[in-house]
Amino acid sequence: MAPSSADSLSILGIETSCDDTAAAVLRGTEILASVVSSQDEVHSPYGGVVPELASRHHMQNILPIVDQALHTAGVQLDQLDGVAVTCGPGLVGSLLVGVSVAKALAMAKGLPLIGVNHLEGHLLVVRLEQEVPFPFLCLLVSGGHTSLYVARGWGDYHLLGGTRDDAAGEAFDKAAKMLGLGYPGGRVIDRLAQSGNPTAIRFPRAHLKSGKCGFSFSGLKTALRLFLQAEGRTSFRDEDIAASYQEAVVDMLVEPTLRAARELGLERIVVSGGVSANSRLRQRMLEEGKQRGLDLFVPSLKLCTDNAAMIAFAGAWRLVQGQRSALDLNASAVLPL
Ligand code: KG4
Ligand code: ZN
């Protein structure tokens, strides 16, 4: 649900903050086109994103992807009401590609330009598909971030706490690398875990002292490395290692989130970001939230991971407010929400 005056706006969204090159055209809350070109095959041999390769591939892909989105939407550049682009946080070389293209299009066609915080895109995207009244608690869990926010209204977000070290997606990706499963690892671990035993190995869970809101995954990652050094790969099935590791990650996400909802008296929880695609996290949040009388909202799978529809959506309401970015808009690797 967007502010009513955004209902008829046609917005081009561009997203290049990490390794996916994405463009989308949104009219109100209708996604006319959403194209995501993944670079997984480029980065998989390295077990993680290589920034220099990511920006080079964005440069090759961005114009064809924008063209494809406009073509699929059946919209000409002249018919757009604005261009929204991720301007941070992320890999600065990657961000610059999207920002430069968005600025060029906006300038050439005289369109309003709006720089969007990637995290706001993740936080709001669920409202493209479902009515989620403010306020809500948002667990934003991706490859670069693991944070809890209270969303009190459009643009009114309060950070409760975040990870002290790795993000949950990073914990999945690094585990997959140790297990030789390629990149990105979350999806592979999720799939393997479906036929594994989550209680086969008891990995440690980090819990912050009571009263503190936050997460920590580096100890779990070290525990897996030590486990693999001690046990090798032969004494346990990969499926059991994946399921046990995933269960530890999910435990460390679910418990603080439910606690925060209870302490703040919030009845609605949104889970978003790439890791919100995790089937076990979705299941546990749904079941345990329900037991406590909480409503859970999760985007559909294609909107969990990076996409440009979420950027167009977050940009649209800002444009409706009259916000504009100047043509000297810059990319910022670190950009708090
Ligand atoms: O939001 P996103 O696409 O990019 C960032 O903003 O970081 O999130 C990517 C992260 C990766 O770490 C990836 O392994 C993880 O999301 N991911 C998953 C699943 N699908 C993607 N993690 C666990 N289970 C999944 N099914
Ligand atoms: Zn993301």
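Can you name every one of the strands (runs of 3 or more DSSP E) wholly within region 112-200 that holds 2 or more residues which are more than 16 Å from ligand 2 (Cβ to nearest atom), out of contact with any Asp or Glu (no Cβ under 8 Å at 6 or more places or on another chain) and assigned by TED's automatic domain parsing to the domain that holds Asp19? Spell out how you get there, then give the answer.
Values: elements: 113-117, 136-141, 146-153, 156-162.
Fully inside region 112-200 and qualifying: 113-117.
Report yes if some residue within region 230-252 is within 16 Å of ligand 2 (Cβ to nearest atom), in contact with a strand residue (DSSP E or B) (Cβ under 7 Å, 6 or more places away or on another chain) and assigned to a helix (DSSP H, G or I); otherwise report no. So that I can check it myself, show each step before the final result.
Taking region 230-252 as the starting set, the residues that turn out to be within 16 Å of ligand 2 (Cβ to nearest atom) are none.
No; the residues of region 230-252 include none that is within 16 Å of ligand 2 (Cβ to nearest atom), in contact with a strand residue (DSSP E or B) (Cβ under 7 Å, 6 or more places away or on another chain) and assigned to a helix (DSSP H, G or I).
Mind checking whether some residue in region 78-91 is assigned to a helix (DSSP H, G or I) and either touching a His at 6+ places or on another chain (Cβ under 7 Å) or under 23 Å from Arg127 (Cβ atoms) (or both)? Step through it out loud before you land on a result.
Step one: list which residues in region 78-91 are assigned to a helix (DSSP H, G or I), which gives 78-79.
Add one more test, that the residue is either touching a His at 6+ places or on another chain (Cβ under 7 Å) or under 23 Å from Arg127 (Cβ atoms) (or both), and what stays is none.
Scanning region 78-91, I find no residue that is assigned to a helix (DSSP H, G or I) and either touching a His at 6+ places or on another chain (Cβ under 7 Å) or under 23 Å from Arg127 (Cβ atoms) (or both), so the answer is no.
How many residues are outside any loop (DSSP other than H, G, I, E, B), at pLDDT below 95 and among the β-branched types (Val, Ile, Thr) if we restrict to region 36-77?
Number of matching residues: 1.
Here's the yes/no breakdown for (1) surrounded by 19 or more Cβ atoms within 10 Å (Cβ to Cβ); (2) within 16 Å of ligand 1 (Cβ to nearest atom); (3) hydrophobic (A, V, I, L, M, F, W, C):
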| residue | (1), (2), (3) |
| --- | --- |
| Leu253 | yes, yes, yes |
| Ala261 | yes, no, yes |
| Ala277 | yes, yes, yes |
| Leu281 | yes, yes, yes |
| Gly293 | no, no, no |
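What is the one condition in (1) assigned to a strand (DSSP E or B); (2) without any contact (Cβ under 8 Å) to a residue 40 or more places away in the chain; (3) more than 22 Å from Ala331 (Cα to Cα) that Ala33 does not satisfy?
Unmet for Ala33, out of (1) assigned to a strand (DSSP E or B); (2) without any contact (Cβ under 8 Å) to a residue 40 or more places away in the chain; (3) more than 22 Å from Ala331 (Cα to Cα): (2).
Taking region 137-152 as the region of interest, how many residues are over 16 Å from Glu255 (Cα atoms) and within 17 Å of the chain's Cα centre (by Cα)? Don't jump to the end; show me each part of the working.
Initial filter on region 137-152 (over 16 Å from Glu255 (Cα atoms)): 142-145, 150-152.
Narrowing the set further to residues that are within 17 Å of the chain's Cα centre (by Cα) leaves 142-145, 150-151.
Residues that pass the stated criteria total 6.
Among the residues of region 220-237, write down those that are crowded, with 17+ Cβ neighbours inside 10 Å and either under 23 Å from the mean Cα position of the chain (by Cα) or modelled with pLDDT of 95 or more (or both). Reasoning before the result, please.
Quick first cut of region 220-237, residues crowded, with 17+ Cβ neighbours inside 10 Å only: 220-221, 223-224, 227, 236.
Passing the criteria: Leu220, Lys221, Ala223, Leu224, Phe227.
Before we move on, is Ser244 within 15 Å of ligand 1 (Cβ to nearest atom) and buried (at least 24 other Cβ atoms within 10 Å of the Cβ)?
Numbers: within 15 Å of ligand 1 (Cβ to nearest atom): yes; buried (at least 24 other Cβ atoms within 10 Å of the Cβ): no.
Criteria not met by Ser244.
Quick one: in region 293-322, of everything that is away from ligand 2 (no atom under 16 Å from the Cβ) and over 19 Å from Phe134 (Cα atoms), which residue is nearest to the chain's Cα centre (by Cα)? Let's see the steps before the verdict.
First, pick out the residues of region 293-322 that are away from ligand 2 (no atom under 16 Å from the Cβ): 293-297, 316-322.
Of the ones still in play, those that are also over 19 Å from Phe134 (Cα atoms) are 319, 322.
On the way: Leu319: 22, Gly322: 26 Å.
Checked region 293-322; the qualifying residue nearest to the chain's Cα centre (by Cα) is Leu319.
The values are calculated or read from the model by the stated rules, or taken from the named source; none is laboratory data. Because the structure is a prediction, the values reported are computed rather than measured. Because the Cβ atoms are built from the backbone with ideal geometry, glycine has one as well, and the counts that use them run over all protein chains shown.
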